[in-house]
Amino acid sequence: MTYVPVLRFCQTYAVLIMIVLLVIALTLLSDSFLTVPNLLNILNQNAPLAIMAAAMTLVIIAGGFDLSVGSIFAVGAVCSAWLALNVNPYFGLLMAPVVGLLLGLMNGIVITALNVHSFLATIATSLIFKGAAIVISDGRLIPVRMDAFTWIGRGKLGGVFLSIWVLLVFALILTFVLTRTSFGRKVLAVGGNADAAILSGIRANRVRIATFAIAGLAAGLASAIATSRISMGQASAGTGFELQAIAAVILGGTSIFGGVGAVWRSVAGVFLLALINNGFNILNADPFYRDLTTGLVILAAIGISSAGKKRDH
Amino acid sequence: MSRTIVVAMLMSIALSGNAFAKGKIAYFAAASQNGFNQATYEGVQEMAAARGYETEVFDGQFDAAVQFAQVEDVLASGNFAGYIIAPNDNVGIAGAVEQVIAAGQPIATVLFPIGPEMNSLEPQVPGITATVASPPVPGATLQAEAVVEFCVDKNPCNVIILIGAKIFPFDNLRLETYQTVLAQHDNIKVLAVGEGYYSPETGLNAMTDMLQANSDVHAVLSNADQQMAGAEIALEAAGYNVSDLYIMGGGAADIAIEALREGRWDATLAYFPKTMGALAMEQIANAIEGKPVRNAINMDFEGPVQALITKEVLNANPDFEAEWQQ
């Protein structure tokens with residue numbers, strides 16, 4: 001009986017437990033790990049993916065999957081770079097989230113209008129979006145070496161990268177929306193039991209469309225930050241981000257079946273995976289073991305989480 | 001009656017493309033949405049047009065199995081007189097290449113040889129028409145020796161190596177070469193080896209991480225300009241004046257040539273994809289027409305300028321332009 005609270009704690013906070021264990025291990029292995037510059041570096045590098053994972057949380061809680069966010073990221077990257085070069089750098093940065101929002105909205109409308117599973121629909125739209133990114137960029141890099149463009153990716157406020165502030169504000173807004181607003185309750189209801197939600201008067205399709213629009217907005221925002229940081233737009237940007245974002249959401253503990261989850265969990269999931277990459281680079285370790293280690297860490301997190309669930313049953 | 005014949009002839013011309021072309025050449029790109037492959041194809045197209053051939057490009061999508069199937073499909077179609085391939089898997093594709101050779105058709109490889117020996121340009125698949133490539137080890141040796149020359153008066157001379165990816169055999173060869181050459185000099189210390197995956201973003205992240213654990217960097221040695229472009233941003237963010245460091249890229253893409261002309265970088269090992277494509281096409285046309293063929297062409301000696309491009313080389317060749325955009 002005395003083990004029950006411990007197991008429940010493990011189940012609830014598996015991702016945080018793994019982060020703490022990794023931080024301890026990396027601190028013991030390298031003097032360079034637990035330093036303010038390196039921690040800010042990890043947060044800065046992974047802020048775009050964390051922003052996307054935060055928004056993906058809402059999509060998954062509402063019972064959907066968005067496999068097109070990597071391609072939306074690519075469209076945002078080439079659009080912002082192209083507009084920065086040919087119109088105005090600030091306008092380029094501003095338009096990336098706007099384009100992302102529009103593409104996300106398109107995803108939601110396609111899914112609900114055609115009444116197809118989001119998994120299939122977003123595979124199709126991801127190809128369309130990726131194709132658009134290639135056409136816009138002609139398959140080439142678009143370098144934008146302008147201070148007016150790179151400030152959001154490289155600038156700091158109070159000694160902290162702007163990208164981290166953006167992530168913090170974005171994650172807090174989404175947390176507030178999910179936990180303190182009627183829209184958030186509708187997202188949870190639609191994901192938990194769509195039929196019951198509809199019977200209780202919730203317009204489930206509108207809720208789903210909104211979650212995909214938010215995911216698109218997040219992908220566009222993330223692309224603006226990442227493109228600004230490397231001062232370069234490219235159609236291959238964001239490749240694989242959709243799976244990394246989904247992995248982080250699930251690893252964080254949000255239910256793959258919808259109805260349950262939290263934004264902070266997904267952000268934590270991103271940083272759990274980020275610690276492994278950072279550790280390998282800092283320790284100058286053989287990258288052949290990176291995937292093996294990542295898999296073992298994910299397995300450990302799942303193991304800790306499921307230990308609590310088994311006890312519950 | 002004669003009007004019917006003219007219409008039939010015009011329709012035949014329209015359906016078959018250029019009636020005056022000597023034949024159609026298939027170019028199997030490693031991936032068509034890629035600056036390097038696009039430049040190679042431009043070279044193929046220009047030479048093909050000059051020699052009176054048509055061309056068609058096939059997108060290998062950086063997938064060895066896709067490319068293998070494409071070669072078989074195109075061969076089965078019987079519509080092509082010659083083949084040029086930028087292999088995704090230089091060993092695995094040999095089976096498809098043998099089928100083309102068995103059908104009596106000419107085939108050339110660009111960028112990499114077909115066969116297990118990456119440094120040999122001599123035919124490893126009997127009957128292959130031409131190998132137009134840059135062997136990895138001599139190029140990597142040139143790069144590493146340039147770093148050694150920069151380090152000659154520094155002790156220690158701290159070097160960071162940024163390699164494409166260790167999963168690629170050609171990058172492993174390059175990395176081994178870098179390490180072997182640099183290890184022969186006691187004053188040179190390799191601080192770290194990172195993977196850039198030919199991406200500015202990955203190069204930036206890898207270099208940022210490595211700079212957390214390493215300081216006082218004097219030189220960065222990279223096999224690819226794309227990842228070097230990202231690493232440069234990380235160095236600037238860490239407070240380095242990049243112009244003071246020795247920066248070696250690879251590829252001679254437009255961003256590298258611009259960086260060299262501006263004095264930010266010091267050298268890049270050149271690839272000349274457009275020239276490479278043109279030379280491969282020339283050999284295929286020669287083979288079809290029964291003219292002499294060069295079986296092995298080393299691109300380190302065939303470019304418009306020398307393979308290791310520095311600012312001095314560019315000053316001596318002010319009209320030189322990068323052959324590809326990334």
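Check the protein assembly as shown for me: any Cys whose beta-carbon has no other cysteine beta-carbon within less than 4.7 Å?
If one checks each Cβ against the other cysteines of the protein assembly as shown, A:Cys10, A:Cys79 turn up with nothing under 4.7 Å.
Counting only C-alpha contacts under 8 Å and six or more residues apart, can you give the relative contact order of chain B as a whole percent?
On the way: 683 pairs, mean separation 60.3, N = 326.
Here the relative contact order equals 18 percent.
Over chain B, what is the percentage of antiparallel beta bridges among all DSSP beta bridges, to the nearest 5?
Percentage antiparallel, nearest 5: 5.
Can you tell me, using C-alpha contacts under 8 Å and at least 6 residues apart, the relative contact order of the stretch B:78-163 as a whole percent?
22
What Kirkwood hydrodynamic radius, in Å, does chain B give when the mean of 1/r is taken over all pairs of distinct Cα atoms and then inverted?
After inverting the pairwise mean of 1/r, the radius is 21.0 Å.
How many partner chain Cβ atoms sit within 10 Å of a residue's Cβ in peptide A:32-42, on average, as a whole number?
Average per residue, whole number: 3.
Take the solvent-accessible surface of the protein heavy atoms, probe 1.4 Å, and return the percent of it on chain A that carbon and sulfur atoms account for. Don't skip to the end; give the middle numbers.
Working: 9650 of 13800 Å².
Carbon with sulfur: 70 percent of the solvent-accessible area.
Could you work out the mean count of beta carbons from other protein chains within 10 Å of each residue's beta carbon in B:209-216?
Partner Cβ neighbours, averaged per residue: 6.
With all protein chains present, how much of the accessible area of the stretch B:108-252 (probe radius 1.4 Å) comes from carbon and sulfur, to the nearest whole percent?
50
List the residues, sorted by chain then number, that are 5 or more residues from B:Tyr246 or on another chain and whose placed amide H is less than 5 Å from its amide H.
Distant-sequence amide H within range of B:Tyr246: B:Ala219, B:Val220.
Across peptide A:221-233, what mean number of C-beta atoms from other chains lies inside 10 Å of a residue's C-beta?
3
Per-residue HN-Hα couplings for the stretch A:222-234, Karplus 6.51 cos²θ - 1.76 cosθ + 1.60 at θ = phi - 60°, whole Hz, x for Gly and Pro?
Those phi angles translate into 4, 5, 4, 5, 5, 5, 4, 5, 8, 6, 7, x, 8 Hz.
Among A:Ala248, A:Ala189, A:Ala113, which one shows the biggest mean-square fluctuation in a GNM of chain A, springs joining Cα atoms closer than 10 Å?
Of the options given, A:Ala113 has the highest mean-square fluctuation.
Mean-square fluctuation check for chain B, GNM, Cα pairs under 10 Å: which of B:Ala285, B:Ala183, B:Ala270 is largest?
Sorting by GNM fluctuation, first place goes to B:Ala183.
Collect residues whose amide H, placed 1.01 Å from N in the peptide plane, falls under 5 Å from the amide H of B:Gln326; neighbours closer than 5 in sequence don't count.
A:Leu141, B:Asp254, B:Ile255
Nearest 5 is fine: what % of DSSP beta bridges in the protein assembly as shown come out antiparallel, could you say?
Among the beta bridges of the protein assembly as shown, antiparallel pairing accounts for roughly 15 percent.
Could you quote the convex hull projected area for chain A, Cα atoms only and averaged over all directions, in nm²?
Over all viewing directions, chain A projects a mean Cα-hull area of 17.8 nm².
Excluding ligands, DNA and RNA, what is the solvent-accessible area per residue of chain B at a probe of 1.4 Å, expressed in Å²?
Details: 13150 Å² over 326 residues.
Result: 40 Å² per residue.
In degrees, nearest 10, range 0 to 90: what is the angle between the Cα axis of helix B:64-77 and the longest Cα principal axis of chain B?
Once rounded, the angle reads 20 degrees.
Enumerate the calculated ³J(HN,Hα) couplings along the stretch A:126-135 in order (Karplus 6.51 cos²θ - 1.76 cosθ + 1.60, θ = phi - 60°), each rounded to whole Hz, writing x wherever the residue is Gly or Pro.
Couplings: 5, 5, 4, 5, 5, x, 5, 4, 5, 5 Hz.
Within chain B, how many lysine pairs that are 8 or more places apart, or on different chains, have C-alpha atoms less than 20 Å apart?
4
If one takes the longest principal axis of the Cα atoms in chain B, at what angle in degrees, from 0 to 90 and to the nearest 10, does the Cα axis of helix B:273-289 lie?
Result, in degrees: 30.
Among A:Ser32, A:Ser200, A:Ser223, which one shows the biggest mean-square fluctuation in a GNM of chain A, springs joining Cα atoms closer than 10 Å?
The residue with the greatest mean-square fluctuation here is A:Ser200.
So for the protein assembly as shown, what percent of the C-alpha to C-alpha distances run longer than 37 Å?
43
Summing both sides, how much accessible area is buried between A and B? Use a 1.4 Å probe and give Å² to the nearest 100.
Buried surface at the A/B interface: approximately 2500 Å².
Could you work out how far the C-alpha centroid of the stretch A:177-222 sits from that of the stretch B:79-155, in angstrom?
54
For the stretch A:21-143, take N as its residue count and report Rg(C-alpha) divided by 2.2 N^0.38 Å.
Numbers: Rg = 18.1 Å, N = 123, 2.2 N^0.38 = 13.7 Å.
So the Cα radius of gyration is 1.32 times the expected 2.2 N^0.38 Å.
The values are calculated or read from the model by the stated rules, or taken from the named source; none is laboratory data. Not measured: the values here are computed from a predicted model. Positions of Cβ are backbone-derived with ideal geometry, glycine not excepted, and every protein chain shown enters the neighbour counts. Note: areas computed on protein heavy atoms with side chains; ligands, DNA, RNA excluded. Shrake-Rupley method; radii C 1.70, N 1.55, O 1.52, S 1.80 Å.
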